[in-house]
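The values are calculated or read from the model by the stated rules, or taken from the named source; none is laboratory data. None of the values given here were measured: they were computed from a predicted structure. For neighbour counting, all protein chains shown are included, and Cβ atoms are generated from backbone atoms with ideal geometry for every residue, glycine included. Protein only, heavy atoms only, side chains kept; ligands, DNA and RNA dropped before computing areas. Shrake-Rupley method; radii C 1.70, N 1.55, O 1.52, S 1.80 Å.
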Amino acid sequence: YWRDWSSDVCSSDLVAEGALGKPVVLGPRDEAQGWGGVQVLGTGVPSTLAWLEVSGMTALDRGGWQSSGGMTFLRSPVTMTECTLRKARCEDSINVFGTSLHAERCVFDGGPSDLIDGDFITGEVIGCTFRNSGEDAIDVSGSQLQVRDCVFEAIGDKCVSVGEDSRVAVQGCKVTSASIGIAAKDRSEVTVSSFAMASVEHYAFAVYVKKPEFGPSRMAVNEFQWTGAGRAAMLAQTGCELRVQGALVPTEEVDVEALYRAKVLGK
(Lines give C-alpha, C1' and ligand atoms only; values in the text may rest on other atoms or scores of the structure.)
Protein backbone atom coordinates (compact mmCIF):
# COMPACT_ATOMS: atom_id res chain seq x y z
CA TYR A 1 0.00 0.00 0.00
CA TRP A 2 0.97 3.65 -0.37
CA ARG A 3 0.78 6.12 2.48
CA ASP A 4 -0.29 9.74 1.76
CA TRP A 5 0.06 9.18 -1.99
CA SER A 6 -0.87 12.13 -4.17
CA SER A 7 -0.09 12.04 -7.88
CA ASP A 8 3.64 11.37 -8.13
CA VAL A 9 4.70 13.60 -5.22
CA CYS A 10 4.71 12.20 -1.70
CA SER A 11 5.09 14.51 1.32
CA SER A 12 5.19 11.65 3.80
CA ASP A 13 7.03 8.36 4.04
CA LEU A 14 6.41 5.82 1.31
CA VAL A 15 5.60 2.16 1.91
CA ALA A 16 5.47 -0.54 -0.75
CA GLU A 17 4.66 -4.07 0.40
CA GLY A 18 5.00 -6.39 -2.57
CA ALA A 19 5.94 -10.05 -2.45
CA LEU A 20 7.71 -12.66 -4.54
CA GLY A 21 5.68 -13.00 -7.73
CA LYS A 22 3.41 -10.12 -6.66
CA PRO A 23 5.47 -6.94 -6.89
CA VAL A 24 4.14 -3.42 -6.62
CA VAL A 25 4.61 -2.02 -10.13
CA LEU A 26 4.94 1.65 -11.08
CA GLY A 27 5.32 2.73 -14.68
CA PRO A 28 4.00 5.13 -17.30
CA ARG A 29 0.59 4.80 -18.90
CA ASP A 30 2.24 5.93 -22.13
CA GLU A 31 5.71 4.49 -22.75
CA ALA A 32 6.49 7.28 -25.22
CA GLN A 33 5.77 10.03 -22.68
CA GLY A 34 7.17 8.35 -19.57
CA TRP A 35 6.22 9.69 -16.14
CA GLY A 36 7.63 11.90 -13.39
CA GLY A 37 8.72 9.12 -11.05
CA VAL A 38 8.64 9.20 -7.25
CA GLN A 39 9.68 12.11 -5.02
CA VAL A 40 9.81 11.81 -1.22
CA LEU A 41 10.83 15.04 0.45
CA GLY A 42 11.82 15.93 4.01
CA THR A 43 10.28 13.08 5.98
CA GLY A 44 11.62 11.95 9.35
CA VAL A 45 10.10 8.49 8.99
CA PRO A 46 11.94 5.94 6.82
CA SER A 47 10.32 4.84 3.58
CA THR A 48 10.22 1.04 3.31
CA LEU A 49 10.12 -0.51 -0.14
CA ALA A 50 9.90 -4.26 -0.74
CA TRP A 51 9.37 -6.03 -4.08
CA LEU A 52 8.79 -2.73 -5.87
CA GLU A 53 9.34 -2.42 -9.65
CA VAL A 54 9.74 1.06 -11.14
CA SER A 55 10.41 1.78 -14.82
CA GLY A 56 10.34 4.47 -17.49
CA MET A 57 10.99 7.41 -15.12
CA THR A 58 11.65 10.83 -16.67
CA ALA A 59 12.12 12.75 -13.38
CA LEU A 60 9.90 15.60 -12.25
CA ASP A 61 9.70 19.01 -13.90
CA ARG A 62 6.82 20.91 -12.38
CA GLY A 63 6.79 24.66 -12.01
CA GLY A 64 9.92 25.70 -10.13
CA TRP A 65 10.67 22.17 -8.94
CA GLN A 66 12.99 19.99 -10.97
CA SER A 67 14.69 16.77 -9.97
CA SER A 68 17.45 14.66 -11.51
CA GLY A 69 16.23 11.31 -10.18
CA GLY A 70 13.52 8.98 -11.36
CA MET A 71 13.19 8.27 -7.65
CA THR A 72 14.29 11.00 -5.24
CA PHE A 73 14.64 10.81 -1.47
CA LEU A 74 15.54 14.24 -0.13
CA ARG A 75 16.39 14.20 3.59
CA SER A 76 14.10 11.17 3.73
CA PRO A 77 15.63 7.82 4.78
CA VAL A 78 14.84 4.82 2.61
CA THR A 79 15.17 1.04 2.86
CA MET A 80 14.87 -0.98 -0.34
CA THR A 81 14.66 -4.79 -0.45
CA GLU A 82 14.22 -6.90 -3.60
CA CYS A 83 13.35 -3.82 -5.67
CA THR A 84 13.95 -3.32 -9.39
CA LEU A 85 14.54 0.01 -11.13
CA ARG A 86 14.83 -0.23 -14.90
CA LYS A 87 14.87 1.86 -18.06
CA ALA A 88 15.28 5.22 -16.36
CA ARG A 89 15.06 8.06 -18.86
CA CYS A 90 16.37 10.80 -16.60
CA GLU A 91 19.79 11.80 -15.28
CA ASP A 92 19.81 9.43 -12.27
CA SER A 93 17.80 6.29 -11.71
CA ILE A 94 17.62 7.13 -8.00
CA ASN A 95 18.92 10.20 -6.18
CA VAL A 96 19.35 10.20 -2.41
CA PHE A 97 20.36 13.39 -0.59
CA GLY A 98 21.15 14.16 3.05
CA THR A 99 19.82 10.92 4.54
CA SER A 100 20.40 7.17 4.91
CA LEU A 101 20.06 4.48 2.27
CA HIS A 102 19.84 0.72 2.72
CA ALA A 103 19.49 -1.23 -0.53
CA GLU A 104 19.59 -5.04 -0.43
CA ARG A 105 19.15 -7.56 -3.25
CA CYS A 106 17.95 -4.87 -5.65
CA VAL A 107 18.44 -4.59 -9.41
CA PHE A 108 19.31 -1.30 -11.09
CA ASP A 109 19.07 -1.84 -14.84
CA GLY A 110 19.44 0.85 -17.47
CA GLY A 111 19.77 4.60 -17.41
CA PRO A 112 21.51 7.35 -19.38
CA SER A 113 23.57 8.56 -16.43
CA ASP A 114 24.06 7.24 -12.85
CA LEU A 115 22.04 4.40 -11.36
CA ILE A 116 22.49 5.45 -7.71
CA ASP A 117 23.52 9.05 -7.01
CA GLY A 118 24.05 9.86 -3.33
CA ASP A 119 25.06 13.18 -1.79
CA PHE A 120 25.75 13.44 1.95
CA ILE A 121 24.35 10.01 2.68
CA THR A 122 25.15 7.12 5.00
CA GLY A 123 24.23 3.48 4.60
CA GLU A 124 24.91 0.28 2.73
CA VAL A 125 24.28 -1.37 -0.63
CA ILE A 126 24.28 -5.16 -0.31
CA GLY A 127 23.86 -7.94 -2.86
CA CYS A 128 22.63 -5.64 -5.62
CA THR A 129 23.05 -5.93 -9.40
CA PHE A 130 23.93 -2.94 -11.57
CA ARG A 131 23.85 -3.08 -15.34
CA ASN A 132 23.58 -0.98 -18.50
CA SER A 133 24.39 2.47 -17.13
CA GLY A 134 25.40 5.36 -19.33
CA GLU A 135 27.65 6.67 -16.56
CA ASP A 136 28.33 5.51 -12.97
CA ALA A 137 26.62 2.63 -11.24
CA ILE A 138 27.15 4.24 -7.80
CA ASP A 139 28.23 7.87 -7.45
CA VAL A 140 28.59 9.44 -3.99
CA SER A 141 29.90 12.69 -2.58
CA GLY A 142 30.27 13.76 1.05
CA SER A 143 29.08 10.30 2.07
CA GLN A 144 29.86 7.22 4.15
CA LEU A 145 28.81 3.99 2.46
CA GLN A 146 29.42 0.26 2.46
CA VAL A 147 29.06 -1.65 -0.81
CA ARG A 148 29.07 -5.44 -0.39
CA ASP A 149 28.56 -8.49 -2.63
CA CYS A 150 27.35 -6.51 -5.65
CA VAL A 151 27.65 -7.31 -9.37
CA PHE A 152 28.41 -4.76 -12.10
CA GLU A 153 27.73 -5.42 -15.78
CA ALA A 154 28.09 -3.07 -18.76
CA ILE A 155 28.83 0.06 -16.74
CA GLY A 156 29.44 3.06 -18.99
CA ASP A 157 31.71 4.90 -16.57
CA LYS A 158 32.70 3.93 -13.00
CA CYS A 159 31.28 1.05 -10.98
CA VAL A 160 31.84 3.07 -7.79
CA SER A 161 32.73 6.76 -7.95
CA VAL A 162 33.73 8.26 -4.60
CA GLY A 163 34.23 12.00 -4.23
CA GLU A 164 34.18 15.12 -2.11
CA ASP A 165 35.44 13.86 1.25
CA SER A 166 33.64 10.49 1.26
CA ARG A 167 34.51 7.27 3.09
CA VAL A 168 33.51 4.08 1.25
CA ALA A 169 34.23 0.38 1.83
CA VAL A 170 33.78 -2.04 -1.09
CA GLN A 171 33.80 -5.77 -0.35
CA GLY A 172 33.06 -8.98 -2.25
CA CYS A 173 32.04 -7.33 -5.52
CA LYS A 174 32.40 -8.58 -9.12
CA VAL A 175 32.77 -6.56 -12.32
CA THR A 176 32.00 -8.03 -15.74
CA SER A 177 32.67 -4.87 -17.76
CA ALA A 178 33.06 -1.17 -17.06
CA SER A 179 35.02 1.88 -18.15
CA ILE A 180 36.60 2.26 -14.68
CA GLY A 181 36.29 -0.05 -11.70
CA ILE A 182 36.58 2.22 -8.66
CA ALA A 183 37.64 5.86 -8.47
CA ALA A 184 38.54 7.87 -5.37
CA LYS A 185 38.87 11.62 -5.75
CA ASP A 186 38.84 14.84 -3.77
CA ARG A 187 39.97 13.90 -0.24
CA SER A 188 38.06 10.62 -0.23
CA GLU A 189 39.20 7.33 1.28
CA VAL A 190 38.25 3.93 -0.15
CA THR A 191 39.01 0.43 1.08
CA VAL A 192 38.48 -2.51 -1.27
CA SER A 193 38.59 -6.24 -0.48
CA SER A 194 37.65 -9.45 -2.30
CA PHE A 195 37.19 -7.61 -5.57
CA ALA A 196 37.04 -9.54 -8.88
CA MET A 197 37.19 -7.88 -12.28
CA ALA A 198 37.05 -9.30 -15.82
CA SER A 199 37.22 -6.24 -18.08
CA VAL A 200 37.69 -2.47 -17.94
CA GLU A 201 38.04 0.01 -20.79
CA HIS A 202 40.44 2.32 -18.93
CA TYR A 203 41.43 1.69 -15.30
CA ALA A 204 40.66 -0.89 -12.65
CA PHE A 205 41.39 1.68 -9.92
CA ALA A 206 42.02 5.42 -10.10
CA VAL A 207 42.88 8.02 -7.46
CA TYR A 208 43.12 11.67 -8.42
CA VAL A 209 42.03 15.24 -7.69
CA LYS A 210 39.18 16.69 -9.69
CA LYS A 211 38.39 19.63 -7.41
CA PRO A 212 41.61 21.16 -6.01
CA GLU A 213 39.83 22.71 -3.03
CA PHE A 214 39.44 19.21 -1.57
CA GLY A 215 42.88 17.71 -2.16
CA PRO A 216 44.28 14.18 -2.67
CA SER A 217 42.60 10.82 -2.06
CA ARG A 218 43.63 7.36 -0.91
CA MET A 219 42.61 3.82 -1.81
CA ALA A 220 43.74 0.49 -0.36
CA VAL A 221 42.91 -2.70 -2.31
CA ASN A 222 43.27 -6.23 -0.92
CA GLU A 223 42.35 -9.62 -2.41
CA PHE A 224 42.08 -8.31 -5.94
CA GLN A 225 41.41 -10.85 -8.70
CA TRP A 226 41.95 -9.76 -12.32
CA THR A 227 40.79 -12.17 -15.03
CA GLY A 228 41.15 -9.84 -18.01
CA ALA A 229 43.86 -9.83 -20.64
CA GLY A 230 47.28 -8.50 -19.68
CA ARG A 231 47.70 -6.45 -16.53
CA ALA A 232 44.99 -4.28 -15.04
CA ALA A 233 45.72 -0.60 -15.70
CA MET A 234 45.75 1.70 -12.67
CA LEU A 235 46.04 5.46 -12.22
CA ALA A 236 47.53 7.25 -9.20
CA GLN A 237 48.00 10.99 -9.46
CA THR A 238 50.96 12.61 -7.73
CA GLY A 239 50.02 13.37 -4.12
CA CYS A 240 47.40 10.62 -3.96
CA GLU A 241 47.95 7.09 -2.69
CA LEU A 242 46.90 3.80 -4.27
CA ARG A 243 47.99 0.62 -2.56
CA VAL A 244 47.12 -2.73 -4.21
CA GLN A 245 47.86 -6.02 -2.48
CA GLY A 246 50.13 -4.11 -0.09
CA ALA A 247 52.23 -2.52 -2.85
CA LEU A 248 52.15 1.18 -3.67
CA VAL A 249 51.24 2.00 -7.27
CA PRO A 250 53.74 4.56 -8.63
CA THR A 251 52.24 8.04 -8.87
CA GLU A 252 52.39 10.24 -11.96
CA GLU A 253 51.53 13.73 -13.08
CA VAL A 254 48.01 13.65 -14.51
CA ASP A 255 46.14 16.24 -16.56
CA VAL A 256 42.76 15.45 -15.05
CA GLU A 257 40.87 18.04 -17.09
CA ALA A 258 42.27 16.62 -20.32
CA LEU A 259 41.28 13.09 -19.35
CA TYR A 260 37.75 14.27 -18.63
CA ARG A 261 37.59 16.04 -21.98
CA ALA A 262 38.72 12.81 -23.62
CA LYS A 263 35.96 10.96 -21.69
CA VAL A 264 38.48 8.73 -19.95
CA LEU A 265 37.84 9.75 -16.33
CA GLY A 266 34.21 10.61 -16.90
CA LYS A 267 31.47 10.61 -19.52
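Per-structure values
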item: Computed [θ] at 222 nm, helices only, for the chain once each DSSP H run of length n ≥ 4 contributes -39500 (n - 2.57); result: -500 deg cm²/dmol
item: Reachable lysines, given that their alpha-carbon falls under 27 Å from the alpha-carbon of K185 and they are not under 8 places away in the same chain; result: K158, K174, K210, K211, K263, K267
item: For the chain, accessible area per residue (1.4 Å probe, heavy atoms of protein chains only), Å²; result: 43 Å²
item: Calculated FRET efficiency for the pair E213/K263, C-beta based, R₀ 22 Å, to 0.05; result: 0.40
item: Extended-chain gain in nm, criterion 0.36 nm per residue less alpha-carbon gap, E31 and A220; result: 63.6 nm
item: Residue of Q146, Q245, Q171 that the Gaussian network model of the chain assigns the largest fluctuation, springs spanning Cα pairs under 10 Å; result: Q245
item: Cβ charges +1 (Lys, Arg) and -1 (Asp, Glu), total dipole of the chain, debye; result: 300 debye
item: All lysines inside 21 Å of K22 as judged from Cα atoms, apart from same-chain residues fewer than 8 positions distant; result: K87
item: Where the Cα pairs of the stretch 116-171 fall when distances are cut into 10 Å bins, in %; result: 27, 58, 16
item: Three principal axis lengths of the chain [C-alpha, angstrom, descending]; result: 55, 39, 34
item: Of P212, P46, P77, the one that fluctuates the most in a GNM where the chain has Cα springs shorter than 10 Å; result: P212
item: Charge context of D109, other residues only, Cβ under 12 angstrom, K/R +1, D/E -1; result: +1
item: Cα shape, the stretch 155-201, gyration tensor, a/c 1.5 rule; result: oblate
item: Segment Q245-A169, length gained on full extension (0.36 nm per residue, minus Cα span); result: 25.8 nm
item: Size of the stretch 90-152 as Cα extents on the principal axes (Å, biggest first); result: 25, 24, 12
